[in-house]
Amino acid sequence: MATRPRILILDDDPDILDIYQEILSRLPAQLDIKTTSSGQEAIALLENEPFALLLTDLNMPQMDGFQVLAIVCRRFPSLRTVVMSGDTDADLRARCYRIGVDLYIEKPKTGREITFFVECIESLLERENQGGFRGVQSKTLLDIIQMECLTQNTVMLKLTNVVGEGRIWIEKGRLVDASVNDLNAKDAMVEMLRWKTGNFEVLPFGQPRPRTIFLNYENLLMESAQTMDETTTDLPPPPKIEQESLLASFMKYPGVQFSLAVATGADLQYDHCGADEPAALSVWLDSATSTFKTLGEKLGCGEMQSIEVICPQRYISLLSSDNEILVIGFTRTLGVQQIQETMKQVEIKWVS
């Protein structure tokens, strides 16, 4: 019979302990979970029983999380360690990684953050220590970037490998720039994603950095993976349908975060590249454009051709035809004039 992975959760808040235990008890691995609110008791439990993972808070009375981690990393070097903290200070995170913590993550507040938290714990438990980047055991660089972007951090990742030293700048969860040796931007990302092992440090973002990467991290990583595949095999790339290629081409324009094409009608269909919740967005777009078309007819304004929306996170521009809608999402850092010029080029490609 397989041994159930045993984890220890340390936090001085009993309600937090109950929440973590409830969340993690649902994992398919059927974890053997023990909890404690005392750092001294946590050390005693670790000395008397084998554990696979320690999940700890930092701010606790008497013996805080750093004191516990300092002892744990020295006495139990094979134990995986995760810090769950409500503090977003980049220096604090960097300090945790320097002492050997596997993962520093903010306490989850939303459903998506809880899902990400569970996936991280599951990943740490399932993977054996086979390579990976030191500081997050058995994690690939892709995993590290994903963690920083999903948690909306502003940091610089410093990566070292026998090949060289690279840096990746992330601002509020968005990839800004990358450099390694003589390479920059996407070329640098592709090069670093080839690295299977190495060391990494989480450092402050530093001085403002000119943005050279305008794709969101999911699309950039996907394109980088495709580039690596094409350079390591003689097989031709898989065929793409025309609409997918067109939508992907829009992502190359500066500041574009996503593209979405919706075929309106009784059977609503859509294709997208990088859009969050495209199904719900497609339904809303179909309804909204229909409403605006009706309004335009009543006001005698003529045929509706475009809609522009300014949101807190992004700028959205919409083109409409009789049976199709094209939506392009831009970062708010772009100027209106630049967005309008880009949309002229997008419209030319879309109608051609």
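Every read-out reported here was derived from the displayed coordinates using simple, explicitly stated rules and does not represent laboratory data. Nothing here was measured: the structure is a model prediction, and the numbers come from that model. All Cβ positions, glycine included, derive from the backbone under ideal geometry; neighbour counts span all protein chains shown.
In this structure, the amide hydrogen of F205, modeled 1.01 Å from its nitrogen in the peptide plane, lies closer than 5 angstrom to those of M156, counting only residues at least 5 positions away or on a different chain.
Phi angles of region 344-349 translate, via the Karplus equation with coefficients 6.51, -1.76, 1.60 and θ = phi - 60°, into HN-Hα couplings of 5, 5, 4, 4, 4, 5 Hz per residue; Gly and Pro are given as x.
Couplings 3J(HN,Hα) for region 60-67, derived from phi with the Karplus relation 6.51 cos²θ - 1.76 cosθ + 1.60 (θ = phi - 60°), are 9, x, 6, 10, 7, x, 5, 5 Hz, where x marks Gly and Pro. Beyond a 26 Å Cα-Cα separation, which of these cross-linked pairs lie in this structure: K107/K196; K107/K158; K293/K344? Over 26 Å Cα-Cα: K107/K196.
For I9, the amide hydrogen comes within under 5 Å of the amide hydrogens of K34, T35, T36, L55, counting only partners 5 or more places away or on other chains and with H modelled in the peptide plane. Ordering K186, K344 from the fewest to the most neighbouring beta carbons within 10 Å gives K344, K186.
Shown is the FRET efficiency for L295 and E347, computed with R0 = 25 Å from the Cβ-Cβ distance and rounded to the nearest 0.05: 0.65. How many nm is it between the label spots at I23 and Q269, if each spot is 7 Å from the Cα in line with the beta carbon? Inter-label distance under the simple model: 4.0 nm.
Quick check: from the Cα gyration tensor, does region 1-126 come out rounded (a/c under 1.5), prolate or oblate? It comes out rounded by the Cα gyration axes. The phi torsions of region 5-14, fed into the Karplus equation with coefficients 6.51, -1.76 and 1.60 and a -60° offset, translate into couplings of x, 9, 10, 10, 10, 10, 7, 7, 9, x Hz, rounded to whole numbers, with Gly and Pro shown as x.
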